[in-house]
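Visitor: Sharing a structure with you now.
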Amino acid sequence: MIFFPSFIGDILNLQVYYPWEFLSSSPCRTVVFPLMTSGITYWVIKSLQQLDICSSCINSYTLLVSPRLLFTVFSFILDYSVYRLAPSWEADRWKSLVLLAGSYVTLVFYTRTFTNTLEGLLFALLMVLVSSRKPDSSLAEPTSSPLIGIVTTAGFFNRPTFLAFALMPLLYWAGFIVDSQRSIKTVINHFLKLVLCACFTAIVFITADTFYFTSVGLDNLYNIKNNSLVDVIGRLNEKIIVTPFNFLSYNLNPHNLALHGSHPRVTHFTVNGMMLFGILHVLAIGAGCKMLKHYICQLIRVKSYYHGSPGLLVHSKGKPTLLLFYFVPLAFLSLFSHQEPRFLIPLILPLVLFSTSQNRAMKWKYVIVIFNMLGALLFGCLHQGGLIPCLFRLEQLVHSSESSNHPRHYTLLFAHTYMPPRSLLNIKKRDTHIQVIDMAGSEEETLCQTVEQRANDFTCNDCQVFVVIPGTIRATITKCGVSFLNETLIFPHLSMEDPPHIPFLLSRNWRSQLGLYILQLGRNQQSL
């Protein structure tokens, strides 16, 4: 889930596409984190323009880059967490930082505005909070229970799947608290602080979400001060919005998940883990199998029960516990039929710490470097890489001086691309002369019918129609019997939903297969 075009519409008064999760009829996402991240950057941009400090601050480039810049700054939380945790988990501090910084997961996903990115950062903070060892391997005092409660609850409201990541850290912390405290009163005090702070944090999120979804927009949310206290309380009594429960209710329905794509339950283990982490994932699986075999042998031989499961969780050294931090969330996420690679990006932290302990990854360093270079090229440059430059170019076109002097009606038709973020076109809500049509992965017949209808539409003499398609279906458009006034090729662009044909990649026209076309539709001659 990308952060969050709807907030550009609320703050900057731009036309956007509102994802179904942010509709008042189906509120499944909290507004708190979008408001605290992307929302802040948009308000800064708006304020700079209103103060005449930057008269042209609001454009497609700043709307894209400013939230990403903020998330890039936030990504250093990962570096801080590795720096703090590495000695505690018997990992080399500097090798861990190098492995983290060189991973394409960090370079690509942690600089993008995903909810999964925040999930990974909160997971890293939680691991720092529950860490019970000092750099000299001695046990530390129990960490702040209130902070653990706040981070866990915030992560749950950001994405309810955070509980899968938080389970092992919380069990580790609970075991340490019970094991290190002789007084039952002290133990109860720690858990009580955690629960109270978790409840208080939940109330804050529920209140903010209820105001937003019952007010339908941030403008109304922040104008609430103009209303009386009775109105505010009345609005809260109308309907209490608990977005994580709505999220779980939706996603626990297999029919709903099927709408977003169903995958085999082993996809995370066999495909997504390899795609994100490469050889590090393989090393973890190998070590996990050895660990499992070791403990099974212990049970068979009936050797000291307390060196079995309890010791595995609390008293054992870093190796088995880090593996549990990695594999337990992986197993829980595998229970759902919809499995995307980005769901696993929070797991980079325990995997990096495990891989650099005992120099496990050192002999594979050349493989790791090549893998991350290819991953950065694929996901950072090629994958849907032409869509953003295409929107930049279309924004310049529809806002050009010629268009301003002689207003025209523009129809922008997208097919076989990811959903185009309308906000980057920088269209004000009052502007009705620009229409965006997202045809997603429409069949050839449906696509041709739509294009032909636009070509044969003579009701508008000053209309321009642009068709945006990947090069892999350029030949399909030629079969539609329409003409194009001009075409622009944006390179590179790779659509995994419409992969290029290998024979074409070996021909002279290979660039067209790895490009995105902007085709200006010509008008058919009106029959007499």
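None of the figures in this text is laboratory data; all of them are computed from the coordinates on show. What you see is a predicted model; the values in this text were computed from it and never measured. Positions of Cβ are backbone-derived with ideal geometry, glycine not excepted, and every protein chain shown enters the neighbour counts.
Visitor: Under a point spin-label approximation (7 Å from Cα along Cα-to-Cβ), what is the residue 456-residue 510 distance to one decimal in nm?
Guide: For residue 456 paired with residue 510, the spin-label model returns 4.1 nm.
Visitor: Between residue 373 and residue 207, 0.36 nm times their residue separation minus their Cα-Cα distance comes to what?
Guide: The span from residue 373 to residue 207 would gain 55.3 nm if fully extended.
Visitor: On to the next question. Note the listed values [x] 52, 23, 19; [y] 49, 27, 22; [z] 47, 30, 20, then indicate which one is semi-axes √(5λ) of the Cα gyration tensor in Å calculated from this particular structure.
Guide: It is the value labelled [z].
Visitor: Another question, if that's okay. Give me the dipole magnitude in Debye, nearest 20, for the chain about the Cα centre, with unit charges on the beta carbon: positive for Lys and Arg, negative for Asp and Glu.
Guide: Here the size comes out at about 1900 debye.
Visitor: Could you sort out which of 193/239; 293/363; 95/363; 293/365 sit more than 19 Å apart by Cα distance in this structure? Intermediate results must be reported in sequence, preceding the final value.
Guide: Numbers: 193/239 29 Å; 293/363 24 Å; 95/363 13 Å; 293/365 28 Å.
Beyond 19 Å: 193/239; 293/363; 293/365.
Visitor: Arrange the peptides 15-23, 498-506, 96-104 so that the one whose residues have, on average, the most other Cβ atoms within 10 Å appears first.
Guide: 96-104, 15-23, 498-506
Visitor: Taking the dipole about the Cα centre of region 339-435, with the C-beta of Lys and Arg at +1 and of Asp and Glu at -1, give me whichever of 345, 382, 359 is farthest to the positive side.
Guide: 359
Visitor: Using a ≥ b ≥ c from the Cα gyration tensor of region 3-58 (square roots of the eigenvalues), is it rounded, prolate or oblate, where a/c under 1.5 gives rounded and otherwise the larger of a/b and b/c decides, a/b for prolate?
Guide: prolate
Visitor: So how far apart, in nm, are the two label points at residue 294 and residue 171 if each is 7 Å from Cα heading toward Cβ?
Guide: 1.8
Visitor: Do the sum for the chain: with -39,500 (n - 2.57) for every DSSP H run of n ≥ 4, divided by all residues, what is the mean residue ellipticity at 222 nm, to the nearest 500 deg cm²/dmol?
Guide: Mean residue ellipticity at 222 nm (helix-derived): -16000 deg cm²/dmol.
Visitor: Quote the charge dipole size of region 360-456 about the Cα centre in Debye, to the nearest 20; the model charges only the Cβ of Lys and Arg (+1) and of Asp and Glu (-1).
Guide: Its charge dipole is roughly 700 debye.
Visitor: Would you mind telling me the antiparallel percentage of the DSSP bridges in the chain, rounded to 5? Could you put the intermediate results ahead of the total?
Guide: Working: 15 of 27 bridges.
Taking every DSSP beta bridge within the chain, about 55 percent pair in antiparallel fashion.
Visitor: Calculate, for residue 479 and residue 262, the FRET efficiency according to 1/(1 + (r/R0)^6) with r their C-beta to C-beta distance and R0 51 Å; round to the nearest 0.05.
Guide: Calculated transfer efficiency: 0.95.
Visitor: When the chain is fully extended, how far beyond the present Cα-Cα distance does residue 331 get from residue 23, taking 0.36 nm per residue of separation?
Guide: Details: separation 308, 0.36 × 308 = 110.88 nm, distance 3.13 nm.
So the extension gain works out to 107.7 nm.
Visitor: Residue farthest toward the positive end of the dipole of region 50-200, with Cβ of Lys/Arg at +1 and Asp/Glu at -1: which of 174, 71, 149?
Guide: 174
Visitor: For region 53-208, taking Cα atoms only, what is the radius of gyration to one decimal and the Dmax to the nearest whole Å?
Guide: 18.3, 64
Visitor: Within the chain, which cysteines find no other Cys whose Cβ is under 4.7 angstrom from their own?
Guide: For the chain, the answer is 28, 197, 199, 289, 297, 381, 390, because their Cβ atoms have no other cysteine Cβ under 4.7 Å.
Visitor: On to the next question. Which distance in Å, rounded to a whole number, links the C-alpha centroids of region 423-453 and region 13-33?
Guide: 21
Visitor: So, with +1 on the Cβ of K and R and -1 on the Cβ of D and E, and no other charges, what is the size of the charge dipole of region 1-108 about its Cα centre, to the nearest 20 debye?
Guide: Working: 6 positive and 6 negative charges, 19 e Å.
That gives region 1-108 a dipole magnitude of about 80 debye.
Visitor: Given the options 396, 419, 473, identify the residue whose Cα lies farthest towards the positive end of the charge dipole of region 372-514 (+1 on Cβ of Lys, Arg; -1 on Cβ of Asp, Glu).
Guide: 396
Visitor: How far is it, in nm, from the label point at residue 199 to the one at residue 384 when both lie 7 Å from their Cα along the line to the Cβ?
Guide: In this crude label model, residue 199 to residue 384 measures out at 4.2 nm.
Visitor: May I have the extent of the alpha carbons of region 422-528 along their three principal axes, as whole Å values ordered from largest to smallest?
Guide: The Cα atoms of region 422-528 stretch 44, 39, 23 Å along their principal axes.
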